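Reading through the structure tokens given below for one structure.
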Amino acid sequence: MRIGTMMMLVLSLASLTPGNGQAQQPPAAPAATGVRAGDIAFANSGAAGAQASFLDGLALLHDFEYERAAEAFRRAQAVEPGFALAYWGEAMTYNHTVWMEQDLPAARAALARLGPTAQARMGKAATARERDYLNAVEILYGDGTKEARDLRYADAMGVLHAKYPADVDATAFYALSLLGTCHEGRDFATYMKAAALLEEVYPSHLRHPGVLHYLIHSYDDPIHAPLGLRAAMRYGAVAPDAPHALHMTSHIFLALGMWDEVIAANQQAISVGRNLAAQRAHHGGDCGHYRTWLMYADLQERRDADAQTALAACRLTAAVTLPIQQPVNYDPDHSAVGSYVYMRLLNVVETGHQESVERLAWSAPGAAVPDFFDAYGDAVAALRADNLPALQAAVAKLGERRPAVLMELETEGDQARADRESVNVIVDEMVAVAKIRGGDRDGGLAALRQTAMAESAMPMEFGPPMVALPSWELLGEELLRAQRPAEAAQAFRNALARAPGRTRSLEGLLRSEELSGEAAAAAATRVELARYPRGARGG
């Protein structure tokens with residue numbers, strides 16, 4: 001209802017624009033920024049000496065290089081202290097839309113340096129268009145809950161986009177603001193609305209970082225990823241100085257099972273990020289977001305030696321961090337400790353070896369999250385080794401840790417809904433498989449099928465799965481053990497629909513098709529498996 005009403009308003013405003021003089025000030029011709037982060041054109045009233053820093057900041061903002069963008073906007077402020085859009089830009093760097101993160105105090109502080117009140121700040125804007133941008137950011141950081149402000153901000157950006165249809169940045173920021181309204185996970189209708197806005201401007205803005213970046217975000221699920229491949233193939237070359245842009249291409253590549261491309265993209269992101277102080281702590285070192293994605297792709301190609309080397313290097317970093325990091329952060333994207341726990345889990349799921357790199361000692365309080373994921377790894381390792389007592393012990397530990405983990409995730413609100421659902425799937429799938437291995441095959445298979453259906457009902461997410469051993473894949477393996485290959489084949493196909501190109505799912509599917517006598521289907525799966533060199537890991 002709200003989106004439909006907003007669209008009617010946008011269309012109404014758009015129909016008034018051509019003859020009323022409101023779409024004035026088309027941006028200047030695109031120009032490459034000083035940092036190679038994309039081509040930006042944004043008409044503004046700032047002094048000539050502030051333009052280079054402002055455009056660098058805007059390009060980096062579109063690339064989600066937030067710290068570097070804020071520094072660039074502050075440089076523009078230093079050149080011209082009254083440059084309203086330079087303060088708008090810095091404030092925008094404190095809203096991490098698709099990550100559902102926001103530093104409200106920092107954003108308000110940045111705006112306060114322009115003027116003590118919204119009215120005073122508006123007086124510093126030289127044009128109606130600049131006032132409209134300032135008004136939108138005032139809404140983003142105004143009163144109310146973050147969720148309510150996100151919705152009002154998206155409405156404001158819709159009005160701004162309609163008022164200035166020639167402004168590609170207004171289009172891009174409007175599309176991004178729509179993605180920021182999906183507080184409970186990916187909503188295809190909203191994501192496709194954002195994509196439709198961006199597709200309109202894509203042909204004429206092939207080097208605009210926001211258009212390329214937000215198209216990738218709109219399409220980075222296995223169903224829509226083919227539509228994002230054009231943007232992914234361009235984006236890295238357009239913004240080679242932005243590690244996040246280099247990594248971002250792999251959102252599409254991973255969703256399509258393009259492992260060589262995932263590996264290359266994250267290797268480049270890590271290489272560039274190593275030279276940037278703002279990136280090293282989170283992404284450019286031996287742990288972090290890019291390293292996790294790289295290791296996942298290495299494991300899919302069975303580059304086990306590379307994965308083991310990466311895991312050992314991350315452990316060294318995490319072991320140093322653990323005693324001094326208080327409170328301990330277990331977010332894999334922002335914590336060496338969290339990265340190591342998750343990377344170690346991925347390793348055991350793909351290889352079956354839990355002790356190939358040792359676990360960390362959890363001496364800090366509130367270690368329910370790493371305990372939970374270590375227990376998950378123990379359960380998978382016991383399953384691979386067909387060690388029923390060890391499996392049952394690990395499943396019991398998972399059950400014990402679940403309430404504490406769910407309680408921690410509860411504090412993160414709606415954006416952690418998918419994580420909470422994943423925790424329940426993890427416990428339920430391991431309980432079901434322990435039941436199967438304990439002798440109740442029919443009851444366990446029924447429970448496991450129900451868990452797999454629950455996982456399928458979850459919103460599509462991007463990247464390596466939090467449910468590191470997908471339930472459909474596990475069900476396929478257990479159906480093969482039960483000598484039910486036709487059912488197993490369908491389970492593996494269901495797994496591949498959510499995670500294309502997964503090696504274990506493809507191998508399970510091939511075995512199922514061969515045992516079912518599906519020669520043509522097996523031949524096609526064999527071709528898919530041959531796309532990448534894969535070692536003979538076994539297990």
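The values are calculated or read from the model by the stated rules, or taken from the named source; none is laboratory data. If you're wondering where the values come from, they're calculated on a predicted model, not measured in any experiment. Reconstructed Cβ throughout: ideal geometry from the backbone, glycine too, with neighbour counts over all protein chains shown. Quick note on the areas: whole protein, heavy atoms, side chains included, nothing else; ligands and nucleic acids left out. Shrake-Rupley method; radii C 1.70, N 1.55, O 1.52, S 1.80 Å.
Tabulated data
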{"quantity": "Unit charges at the beta carbon, dipole of region 177-262: most positive-side option, Pro226, Pro243, Pro209", "calculated": "Pro209"}
{"quantity": "Rounded to the nearest 10 Å², the accessible area of Arg401 at probe 1.4 Å", "calculated": "70 Å²"}
{"quantity": "Sorted largest first, extent of region 159-232 alpha carbons per principal axis (Å)", "calculated": "32, 26, 15"}
{"quantity": "Leu311, Leu316, ranked by accessible area, largest first (probe 1.4 Å)", "calculated": "Leu316, Leu311"}
{"quantity": "Computed E for Ala312/Ala396 - FRET, C-beta separation, R0 45 angstrom, nearest 0.05", "calculated": "0.90"}
{"quantity": "Axial C-alpha extent at least 24 Å, average Kyte-Doolittle at least -0.5 - helices from the chain (DSSP)", "calculated": "2-20, 304-321, 368-385, 388-410, 417-437"}
{"quantity": "Spatial extent of region 386-429: Rg and Dmax, with the Cα atoms as the point set, Å", "calculated": "12.2, 38"}
{"quantity": "Calculated over region 415-478: convex hull of Cα atoms, volume per residue (Å³)", "calculated": "69 Å³"}
{"quantity": "Relative contact order of the chain, defined on C-alpha pairs under 8 angstrom at six or more residues apart (%)", "calculated": "10 percent"}
{"quantity": "Relative compactness, region 392-524, computed as alpha-carbon Rg over 2.2 N^0.38 Å", "calculated": "1.11"}
{"quantity": "Orphan Cys of the chain, criterion: no other Cys C-beta under 4.7 Å", "calculated": "Cys182"}
{"quantity": "Carbon + sulfur, % of accessible area of region 432-539 - ligands and nucleic acids excluded, 1.4 Å", "calculated": "55 percent"}
{"quantity": "Fraction in percent of alpha-carbon pairs per bin - 10 Å, region 475-526", "calculated": "32, 59, 9"}
{"quantity": "For Gln102, distant residues with modelled amide H under 5 Å away", "calculated": "His96"}
{"quantity": "Contour minus Cα-Cα distance for Asp331 and Ala196 (0.36 nm per residue)", "calculated": "45.3 nm"}
{"quantity": "Solvent exposure of the chain as accessible area per residue, Å², 1.4 Å probe", "calculated": "39 Å²"}
{"quantity": "Convex hull per residue volume in Å³, alpha carbons only, for region 176-271", "calculated": "90 Å³"}
{"quantity": "With every protein chain in place, region 22-146: carbon and sulfur % of accessible area (1.4 Å)", "calculated": "57 percent"}
{"quantity": "Cβ-based charge dipole, region 49-161, positive-most Cα from Leu111, Trp99, Ala156", "calculated": "Leu111"}
{"quantity": "The chain: translational diffusion in µm²/s, Stokes-Einstein, Kirkwood Rh over Cα pairs, 10 °C, 1.306 mPa s", "calculated": "64 µm²/s"}
{"quantity": "Semi-axes of the equivalent ellipsoid for region 83-199, Cα gyration tensor, largest first, Å", "calculated": "23, 17, 10"}
{"quantity": "Gain in span if fully extended, Ala118 to Arg36, counting 0.36 nm per residue against the direct Cα distance", "calculated": "26.1 nm"}
{"quantity": "By average C-beta atoms within 10 angstrom, highest first, the peptides 495-501, 207-213, 523-529, 458-464", "calculated": "207-213, 495-501, 458-464, 523-529"}
